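What follows is a single structure, written as structure tokens, with notes after it.
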Amino acid sequence: MNIVVCVKQVPDTATERKLRSDDNTLDRDAADGVVNELDEYAVEEALKLKEAHGGEVTVLTMGPGKATETIRKALAMGADKAVHLSDDALHGSDALSTSYAMAQALNKVGFDLVVLGSESTDARTGVLAAMLAERLGVAQLTLANKVDVDGTSITIQRITDYGYDRVEATLPAVVSVVEKINEPRYPSFKGIMAAKKKPVETLAIGDASIDPSQVGLAAAWSEVVDFAAAPPRAAGTIVKDEGDGGAKAAEFLASKKFI
Amino acid sequence: MLKDEYEELRKTVEAFARDVVAPVIGDYYEREEFPYDIVRQMGAMGLFGLPFPEEYAGMGGDYFALCVTLEELARVDSSVAITLEAAVSLGAMPIFRFGTEEQRETWLPRLAAGEMLGAFGLTEPGGGTDVPGGMRTTAVLDGDEWVINGTKAFITNAGTDITGVVGVAALTGEREISTILVPSGTPGFTVSKKYSKVGWNASDTRELSFTECRVPAANLLGERGRGYAQFLQTLDEGRIAIAALSVGLAQGCVDECLKYVRDRKAFGHPIGHYQAIQFKIADMEVRAHTARLAYHHAAEKMLAGEPFKKEAAIAKLVSSNAAMDNARDATQIFGGYGFMNEFPVGRFYRDAKILEIGEGTSEVQRMLIARQLGLGDL
């Protein structure tokens, strides 16, 4: 099975994240880049499927040159090779144009199954899996916490508010995974060393037949008009219980129209 | 600046220590319980196989990769770090270095995978530094079996559920020391209950006794009579590993203080605002940093195949001092909370002292350094 796992480099959620003042896009230099956490679950699931069914795992990422760090980590975990879609023309692409560019790259690379995290910790649109499936004309199996492949048929459990749905499709397909699906492995030193020798192919937009007028900031359907830092959280009110704590709590809830 | 692959390893272990070890190790420590689940995960990551070749299920790395790993683990907790250090550097490494092909194939794959732990028995209740003069354990060849009698003290990893083999240093003749591999469960080999220790409370440390304990003659490790030379070499390397572990503890103290002094307020400011605190933390960072340079330098010489005895002794001495000094200062900065076991610095304080004792005391390091300066014959 030819599995492509899409990973994204995002700013470390543990550090302060910023937007750039010149074009209101993410300031990628302001914070350390790490693998989007949910994508680690996607890599793990892809590796498990490969271990169970054979085949090959290819990592696909779209991002600036710095994103090679993210590719290296996925390769160190055990993926076989990587494709890095990188072009200045892609800067500022929104979800719609990202899905177009990624779909073009996926068509060039070829796949039986595409696996990705259900959302990224930076943009958090959570729509890429669905858009990719539409662009590619294949089944979409989103929000999976369990994936089973049997021949060319694929079944997932999609978590819902009321339990889960069982969703079946025929390969090729796009699957997005949630964090409950597995426990991502830590790369071993052997994996880290081996990753250095694994092939990484860099694609510019021309290499993947991507129309430059369809991507980048100028082609984005949505625009960040303005942004401001979140105001610091105001200090809470502390009520001392002097025998009337219950009444004061009720008073507070009533003032907020909770009771 | 670490080379790429070491930096990636460092980041991986840092994330593991933060996400897997830190949240639970305080409880293990409090219960004085060996953290099997953490050790199993360290094994799955290949940490126990770091310096061994792939043919023995190793990671194909080197001793420096082990040191970088020990430092990152000890930034969070020393018990798990010493478990790894003793298993690799004292348990598995002598088998890899001095063992026959058969001994390597028997033990290394499981040791390198962390499925089995190895230990090394050198110190005795009546003799630590005083080897070989103070050694009392004997091994006598009787037909095709060694018969071992004696007691070993303070042996790390000796009594866990997954301990598989102990290398025992024993007198096999007049001032002749040899190392013999004794599998766990051999009749006549008994493991006492765990010591009650000041620190390293989530690691396994035991007294071992051997009474008419018989193992096959083929369990001799390396040549007969080479035991002393073997463990001198093992200990020279081990000093660099303990130095790395000490640097980790020293840096862990800085990490904890940097968080605390931003939050803790006194007299209207975070306490980090005051120079008395700032200077203490600056000194702590200096100690951790210079000690790190010392162990990196010793490891570099060792890996280049150059003599490194003096550098290893210097690294061990400065880094164990750094760990002890930083633990004391960090505890002081935390005030009353520093004296509470639930805060990591309290644990660091308890774990630091042994670093000036184990794998050669600070006095032994000074002795080695003086000898290397040519003062040994005066």
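Determine whether the range B:84-93 contains at least one residue that is among the hydrophobic types (A, V, I, L, M, F, W, C) and part of a strand (DSSP E or B). No, the range B:84-93 contains no residue that is among the hydrophobic types (A, V, I, L, M, F, W, C) and part of a strand (DSSP E or B).
Against the numbered list (1) among the aromatic types (Phe, Trp, Tyr); (2) open to solvent by 30 Å² or more (accessible area, probe 1.4 Å); (3) within 16 Å of the chain's Cα centre (by Cα), B:TRP107 comes up short only at (3).
This table checks each residue for (1) more than 14 Å from chain B (Cβ to nearest Cβ); (2) in contact with an Asp or Glu (Cβ under 9 Å, 6 or more places away or on another chain).
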| residue | (1), (2) |
| --- | --- |
| A:PRO172 | yes, yes |
| A:LYS180 | yes, no |
| A:ALA195 | no, yes |
| A:GLY206 | yes, yes |
| A:PHE227 | yes, no |
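Would a scan of the range B:170-178 turn up a residue that is outside the structural domain of B:ALA112 (by TED's automatic domain parsing) and free of Cβ contacts under 8 Å to residues at least 40 places away in the same chain? Scanning the range B:170-178, I find at least one residue that is outside the structural domain of B:ALA112 (by TED's automatic domain parsing) and free of Cβ contacts under 8 Å to residues at least 40 places away in the same chain, so the answer is yes.
Filter the range B:6-19 down to the residues that are touching a residue at least 12 places away in the same chain (Cβ under 8 Å) and at the interface with another protein chain (Cβ under 10 Å from one of its Cβ atoms), then identify the one that is nearest to B:LEU245 (Cα to Cα). Ranking the candidates gives B:VAL13 first. Restricting the range B:179-208 to residues that are in a strand (DSSP E or B), in contact (Cβ under 8 Å) with a residue 40 or more places away in the chain and not hydrophobic (A, V, I, L, M, F, W, C) leaves a set whose member that is nearest to B:LEU84 (Cα to Cα) is B:THR205.
Comparison of B:GLU223, B:GLU256, B:GLU207, B:GLU212 shows that the only residue that is open to solvent by 40 Å² or more (accessible area, probe 1.4 Å) and over 22 Å from B:GLY143 (Cα atoms) is B:GLU207. A:ALA194 meets all of the listed conditions (1) within 27 Å of A:VAL4 (Cα to Cα); (2) more than 24 Å from the chain's Cα centre (by Cα); (3) assigned to a loop (DSSP other than H, G, I, E, B) but one, namely (3). The single condition among (1) among the small types (Gly, Ala, Ser); (2) closer than 17 Å to B:ASN201 by Cβ; (3) at pLDDT 95 or above that B:GLY358 does not meet is (3). Of the residues screened, B:ALA22 is not one that is without any contact (Cβ under 8 Å) to a residue 40 or more places away in the chain and open to solvent by less than 60 Å² (accessible area, probe 1.4 Å). For the range A:109-125, a residue qualifies if it is surrounded by fewer than 18 Cβ atoms within 10 Å (Cβ to Cβ), at pLDDT below 95 and not β-branched (Val, Ile, Thr), and the qualifying residues are A:ASP122, A:ALA123, A:ARG124. In the range B:112-146, of all residues being part of a loop (DSSP other than H, G, I, E, B) and among the acidic types (Asp, Glu), the one that is least open to solvent (accessible area, probe 1.4 Å) corresponds to B:ASP130.
Residue-wise test of (1) within 14 Å of chain B (Cβ to nearest Cβ); (2) outside any loop (DSSP other than H, G, I, E, B).
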residue: A:GLU119; (1), (2): no, no
residue: A:THR125; (1), (2): no, no
residue: A:GLU134; (1), (2): no, yes
residue: A:GLN140; (1), (2): no, yes
residue: A:ALA169; (1), (2): no, yes
residue: A:SER176; (1), (2): no, yes
residue: A:LYS190; (1), (2): yes, yes
residue: A:SER213; (1), (2): no, yes
residue: A:TRP221; (1), (2): no, no
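A:ALA76 meets all of the listed conditions (1) out of contact with any Pro (no Cβ under 8 Å at 6 or more places or on another chain); (2) outside any loop (DSSP other than H, G, I, E, B) but one, namely (1). Taken as a whole, the range A:81-93 holds no residue that is part of a helix (DSSP H, G or I), among the basic types (Lys, Arg) and away from every other protein chain (no Cβ under 14 Å).
Residue count for the range B:347-378, restricted to those that are of a type outside the set (D, E, K, R) and in contact with a Ser or Thr (Cβ under 7 Å, 6 or more places away or on another chain): 5.
Residues in the range A:128-158 that are open to solvent by 60 Å² or more (accessible area, probe 1.4 Å) and in contact with a strand residue (DSSP E or B) (Cβ under 8 Å, 6 or more places away or on another chain): A:GLU134, A:GLN140, A:LEU143, A:LYS146, A:ASP148, A:THR152.
Taking the criterion of being open to solvent by less than 10 Å² (accessible area, probe 1.4 Å) and over 16 Å from A:GLY206 (Cα atoms), the residues of the range A:75-93 that qualify are A:LEU75, A:ALA76, A:ALA79, A:ALA82. Confirm whether B:GLY99 is open to solvent by 20 Å² or more (accessible area, probe 1.4 Å), away from chain A (no Cβ under 11 Å), over 18 Å from the mean Cα position of the chain (by Cα) and small (Gly, Ala, Ser). When the stated conditions are applied, B:GLY99 does not pass them.
Checking the stated criteria, A:LEU96 turns out not to satisfy the condition of being closer than 20 Å to A:LYS50 by Cα, assigned to a helix (DSSP H, G or I) and either open to solvent by 10 Å² or more (accessible area, probe 1.4 Å) or out of contact with any Asp or Glu (no Cβ under 6 Å at 6 or more places or on another chain) (or both). Checking each residue in the range B:178-224 for being among the charged types (D, E, K, R) and under 25 Å from the mean Cα position of the chain (by Cα) picks out B:LYS193, B:LYS194, B:LYS197, B:ASP204, B:ARG206, B:GLU207.
Residues in the range B:27-47 that are more than 11 Å from chain A (Cβ to nearest Cβ) and either on the phi > 0 side of the Ramachandran plot or open to solvent by less than 30 Å² (accessible area, probe 1.4 Å) (or both): B:TYR29, B:GLU32, B:PHE34, B:PRO35, B:ILE38, B:VAL39. In the set (1) more than 14 Å from chain B (Cβ to nearest Cβ); (2) open to solvent by 40 Å² or more (accessible area, probe 1.4 Å), A:TYR186 fails one condition alone, (1).
The residue that is nearest to the other protein chains (Cβ to nearest Cβ), counting only those in the range B:56-70 that are under 9 Å from B:TYR6 (Cβ atoms) and open to solvent by less than 10 Å² (accessible area, probe 1.4 Å), is B:ALA65.
Of the residues B:ALA298, B:ALA327, B:ALA288, which single one is in a helix (DSSP H, G or I), modelled with pLDDT of 95 or more, small (Gly, Ala, Ser) and over 17 Å from B:ALA74 (Cα atoms)?
Just a single option satisfies the conditions, and that option is B:ALA298.
The values are calculated or read from the model by the stated rules, or taken from the named source; none is laboratory data. Treat the numbers as computed from the prediction; the structure is a model and nothing was measured. Positions of Cβ are generated from backbone atoms using ideal geometry, with glycine treated the same way; all protein chains shown enter the neighbour counts. Ligands, DNA and RNA are excluded from the accessible area calculation, which covers all protein heavy atoms including side chains. Shrake-Rupley method; radii C 1.70, N 1.55, O 1.52, S 1.80 Å.
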